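Engineer: This is the structure I want to talk about, given as structure tokens.
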Amino acid sequence: MDHAALMAEWQRGDPAAGNTVLSDVYRELSAIAAAKLAHEPNCSLSTGELINEAIIRLSKLTSMAISSRAHVLAMAARIMRQVLIDQARKRNAQKRYHAQVTLQTDIAQREMPVEILELNERLEELRAIDGERAAIVEMRFFGGMTLEEIAEVLELSVPTVKRRWQASRLWLHDRLMR
């Protein structure tokens, strides 16, 4: 059974279908969660807790058709991003703490530490300008997805995704440096 059918069954309440989907993508979810938490030294979540929260939220998406393995990963990456943002906001409200992540900019092969809340604000700016480009950044940065996987989810060609990723990365870098 393909991922679309398995996701549909899971969303209708079949736990066996959910277990099949999750066992297939668990390694990638672990890698995504570990990478994101590595840049959040003061985050109280463990990798397992971040994955579990993503799985819980993913299982509640009953009105969204998820069509492929890449789409599952894209949704999980988006959910993990939101969990980390929620955690940063909570810490910020409690302690006036500003969580930082490291943004791989590929500009002069350097990493740029960025506050996750600031990154979220810039992504929301980009989403207002072009939602598709924001989705590409989100899947690539938060999901660690390949250009091919993103192209599959967005139903675009790989060269188109590559061009939009490069332009979006430069735009984001410019906005974060202001």
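No value in this document is a laboratory result; all are computed from the given coordinates. Since this is a predicted model, take the numbers as computed values, not measurements. Backbone-built Cβ (ideal geometry, glycine too); neighbour counts: all protein chains shown.
Engineer: How much length would be gained if the chain were fully extended between Leu170 and Glu148, taking 0.36 nm per residue of separation minus their Cα-Cα distance, in nm to one decimal?
Structural biologist: Stretched fully, the Leu170-Glu148 segment lengthens by 5.9 nm.
Engineer: Spin-label point model (7 Å from Cα, Cβ direction): what's the Glu125 to Arg12 distance in nm?
Structural biologist: Label-label distance for Glu125 and Arg12, simple model: 4.6 nm.
Engineer: Separation between the Met177 and Asn42 pseudo-spin-labels, each 7 Å from Cα along Cα→Cβ, expressed in nm?
Structural biologist: Taking the simple label geometry, Met177 and Asn42 are separated by 2.7 nm.
Engineer: Further, regarding this structure: Multiplying the sequence separation of Lys90 and Ser59 by 0.36 nm and subtracting their Cα-Cα distance, what value in nm do you get?
Structural biologist: Length gained between Lys90 and Ser59: 8.8 nm.
Engineer: With a point put 7 Å past each Cα toward its Cβ, work out how far Tyr26 is from Arg163 in nm, to one decimal.
Structural biologist: With each label placed 7 Å out from Cα toward Cβ, I get 4.2 nm.
Engineer: Follow-up. What does the charge count near His71 come to, summing +1 for each Lys or Arg and -1 for each Asp or Glu among other residues with Cβ under 12 Å from its Cβ?
Structural biologist: Net local charge, His71 excluded: -2.
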